[in-house]
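Enquirer: Can you keep this structure in mind? I'll have questions shortly.
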Amino acid sequence: MADGVLSPGVNLEAFSQAIAAIQALRSSVTRVFDCLKDGMRNKETLEGREKGFVAAFQESLHSVSRDLGELERLSNLVGKPSENHPLHNSGLLSLDPVQDKTPLYSQLLQAYKWSNKLQYHAGLASGLLNQQSLKRSANQMGVSAKRRPKAQPTTLVLPPQYVDDVINRIDRMFPEMSIQLSRPNGTSAMLLVTLGKVLKVIVVMRSLFIDRTIVKGYNENVYTDDGKLDIWSKSNYQVFQKVTDHATTALLHYQLPQMPDVVVRSFMTWLRSYIKLFQAPCQRCGKFLQDGLPPTWRDFRTLEAFHDTCRQ
């Protein structure tokens, strides 16, 4: 507001004087109507009352004319605001006095805040994804293919003995969970995880990376006719089909390529929370069943139980 300027093209001092002129004009108009309301009073003779009324009425009209001329003069000094509105054309929507019928401006502000929040979270997600060494960095893209050293697959190919040692340590961590390891197709391991008397999980691994999980009931058959683990058939029960979908989501959540043993341990810790699949109520609604199903979702951080619809 330097130099008396409200915004480009607007004189702040003239604007303030124009507001005062409007108040003076309203007072003059009020005196005119008061004069008409009082009429011819306070005079003994009729001629005196008429002269007094005419004189007072003329004086009031002159005051209105004088104040109106002053307001017109100041309005020319105020000037016009810049065509470039700070909020562009959307800022004009805030001038609509009927907000209940046309709440466009408030909805526009809400959408703007939502888009800013979306951009902020997208930036955070981009930063997290860039920390994963799943693609070539920008610096390597400029290096010639002949000079670029070939990356050695250190975490994809691990000795089977190391994998067995990691699985055995995890097996000892959870007494209520038993893990059977087998290698029917060479070096790739397959795990049969039995969680109490609640469920069984078939885990297909590639070195220490989990590729696929299938959750079935404790009494369901997990083997094919030739005695191998059945890694393709789904459970016959909807509750364990839901848990299978959530386990697939957990595999996408627990991703740390540089420390695959931590990923496997974190996933097994999350899987262990299903030991009370049919005993734990939902932390949101407090019910044990919803649409005939128990709380099948487990929070990745707190491991609390939620129904599939209550977690959102």
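Enquirer: Which sequence of Lys216, Lys51, Lys242, Lys228 reflects their accessible areas, 1.4 Å probe, from the largest down?
Expert: Output order, biggest surface exposure first: Lys51, Lys228, Lys242, Lys216.
Enquirer: Full-extension gain between Leu118 and Ser65, please, as 0.36 nm times their residue separation minus the C-alpha to C-alpha distance.
Expert: Numbers: separation 53, 0.36 × 53 = 19.08 nm, distance 5.78 nm.
Result: 13.3 nm gained on full extension.
Enquirer: List the residues whose amide H sits under 5 Å from the amide H of Arg212, counting only those 5 or more places along or on another chain, with H placed 1.01 Å from N in the peptide plane.
Expert: Amide H neighbours of Arg212: Val204.
Enquirer: Which of Lys197/Lys228; Lys117/Lys200; Lys117/Lys287; Lys197/Lys287; Lys228/Lys287 have a Cα-Cα distance over 31 Å?
Expert: Lys117/Lys200; Lys117/Lys287; Lys228/Lys287, as the Cα separations exceed 31 Å there.
Enquirer: Just report the Cα centroid separation between region 261-312 and region 198-228, whole Å.
Expert: Taking the Cα centre of region 198-228 as reference, the centre of region 261-312 is 20 Å away.
Enquirer: Additional query: At a 1.4 Å probe radius, carbon and sulfur cover how many percent of the accessible area of region 160-275? Present the calculation step by step, with values, prior to reporting the outcome.
Expert: Details: 2910 of 5910 Å².
Looking at region 160-275 in its full context, I get 49 percent from C and S.
Enquirer: Okay, moving on. Show me, for region 291-304, the HN-Hα J-couplings you get by feeding each phi into the Karplus relation (A = 6.51, B = -1.76, C = 1.60, θ = phi - 60°), rounded to Hz, glycine and proline as x.
Expert: Result, rounded to whole Hz: 6, x, 10, x, x, 9, 9, 10, 4, 5, 9, 8, 6, 6.
Enquirer: Just to confirm, what accessible area per residue do you get for region 231-285 at 1.4 Å probe, in whole Å²?
Expert: 56 Å²
Enquirer: Calculate what fraction, in whole %, of the accessible area of region 12-78 sits on carbon and sulfur atoms when a 1.4 Å probe is rolled over the protein chains.
Expert: Within region 12-78, the accessible surface is 55 percent carbon and sulfur.
Enquirer: Now for a separate question. Between Val262 and Asn185, with labels modelled 7 Å along Cα→Cβ, what's the label distance in nm to one decimal, could you check?
Expert: Going from the Val262 label point to the Asn185 one covers 2.9 nm.
Enquirer: How much length, in nm to one decimal, is gained on full extension between Lys276 and Ser106, taken as 0.36 nm per residue of separation minus their Cα-Cα distance?
Expert: 56.5 nm
Enquirer: For a bin width of 5 Å, list the pair-distance distribution of region 12-78 built from all Cα-Cα distances, rounded to whole %.
Expert: So the P(r) values, bin by bin, are 3, 19, 20, 16, 13, 10, 8, 6, 3, 2, 0.
Enquirer: Want the number for Arg169 to Val29: 0.36 nm per residue separation, take away the alpha-carbon distance, what's left? Working shown, then result.
Expert: Working: separation 140, 0.36 × 140 = 50.40 nm, distance 9.33 nm.
Extra length available between Arg169 and Val29 comes to 41.1 nm.
Enquirer: Write down the radius of gyration of region 160-275 and its Dmax, each obtained from C-alpha positions, in Å.
Expert: Reported Rg and Dmax, both Å: 13.3, 38.
The values are calculated or read from the model by the stated rules, or taken from the named source; none is laboratory data. Note that the structure is predicted; figures quoted are calculated from it, not measured. Glycine also receives a Cβ, built like all others from the backbone with ideal geometry; neighbour counts cover every protein chain displayed. Remember, those area values only see protein heavy atoms, side chains included, never the ligands or the DNA or RNA. Shrake-Rupley method; radii C 1.70, N 1.55, O 1.52, S 1.80 Å.
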